[in-house]
Amino acid sequence: MEYLAAAALGYAGGVVGGLLGVGGGILFVPALAIFLDLSQLEAESTSLLAIIPVAIVGTWRQRRYGNVRLREGVLIGILSPLGVIAGVLVANAVSQRTLEVAFAILLIFVSAQLARRALSAPAEAPPSSTRR
Amino acid sequence: MKLGLIATAAGAFSGLFGVGGGTVIVPLLILWLAYGEREATGTSLAAIIAIAVFATIAQGLHGNVDVAKGLLVGIPAVGGVIGGAALQQRLPERAVSLIFAVLLLGIATELIL
């Protein structure tokens, strides 16, 4: 039963990943921690493994739909370890709580920007249009 | 230049908060680089491949990755991502932005609580 629930949450995480371009970890982590008895650290780490096939297949599908700028995406991916180093430096300088609240405020701001832009957008552009 | 900043932000936030890089990459591609929603999400998935591979190797070396349980969640998720990507093609782009805005509010709430 737990296995079924974990698999169902995994499926749902994949749907969110395909729809929104995220890895799906937002649902994988609770699936692993609650239904498969992993600690929070193990769940977050194992979630990363589950994200790999999702990202590969999701990229393949979106490329078929004409929605992937492969060169830019790969560049972001291979440069991201720079950010991990920066993150460690920041984490050592500022308390975790301060970071959480600061990041939450940033997300609320970004969320408002996205919503405002979407609600004020003119007529829908065709899916194949490229804008730069 | 902006791509480098987006990469750095994605790496930093995923390392600090355990959120996937996509949470950061998708809105930045839309708001900074004027990507369409579909393009932003597709390109984000391509970036996440490398990010997840690097991070899995790092965590695996620390012995924190349970391969069997990861596959139990990850294999059904592959079916989900195919469905999610197909669903996205039928939605207006602004709907994708709005759903993403709700996701960010949810994550913000979880961080504060």
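Every read-out reported here was derived from the displayed coordinates using simple, explicitly stated rules and does not represent laboratory data. Note that the structure is a prediction, hence the values are computed from the model and not measured. Reconstructed Cβ throughout: ideal geometry from the backbone, glycine too, with neighbour counts over all protein chains shown.
The figures follow:
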| read-out | value |
| --- | --- |
| Per-residue ³J(HN,Hα) for the stretch B:57-66, Karplus 6.51 cos²θ - 1.76 cosθ + 1.60, θ = phi - 60°, Hz, x for Gly and Pro | 4, 4, 6, x, 5, 7, x, 9, 9, 9 |
| Fewest-first ranking of B:Thr23, B:Thr41, using other Cβ atoms within 10 Å as the exposure measure | B:Thr23, B:Thr41 |
| FRET efficiency for B:Arg90 and B:Ile112, using Cβ-Cβ distance with R0 set to 30 Å, rounded to 0.05 | 0.30 |
| On Cα atoms only, tilt of B:2-17 relative to the major axis of chain B in degrees | 50 |
| Charge dipole of chain A about the Cα centre (unit charges at C-beta), most positive-ward option of A:Pro30, A:Gly73, A:Ile105 | A:Gly73 |
| Largest-first principal axis extents of the Cα set of the protein assembly as shown (Å) | 48, 42, 33 |
| P(r) weight above 19 Å for the stretch B:25-113, C-alpha pairs, percent | 56 |
| Per-residue average of Cβ from other chains inside 10 Å of B:85-92 | 6 |
| For the stretch A:74-116 versus the stretch A:25-59, the gap between their alpha-carbon centres in whole angstrom | 20 |
| Under Karplus coefficients 6.51, -1.76 and 1.60, residue-wise ³J(HN,Hα) of the stretch B:22-34 in Hz, glycine/proline x | x, 4, 8, 5, 4, x, 5, 5, 6, 7, 8, 9, 6 |
| R0 of 51 Å, Cβ-Cβ distance A:Ala102-A:Arg64: FRET efficiency to nearest 0.05 | 0.85 |
| Proxy reagent accessibility, fewest Cβ within 10 Å first, across B:Phe17, B:Phe100, A:Phe28 | B:Phe17, B:Phe100, A:Phe28 |
| Table column - 3J(HN,Hα) (Hz), the stretch A:93-109, Karplus curve with 6.51, -1.76, 1.60, x for Gly and Pro | 9, 10, 5, 4, 5, 4, 4, 4, 5, 4, 5, 4, 5, 4, 5, 5, 4 |
| Spin-label model distance (nm) - A:Ser120 vs A:Ile78, 7 Å beyond Cα toward Cβ | 3.9 |
| Per-residue average of Cβ from other chains inside 10 Å of A:26-33 | 4 |
| Amide H contacts under 5 Å for B:Asp66, placed H, 5+ residues apart | A:Thr46 |
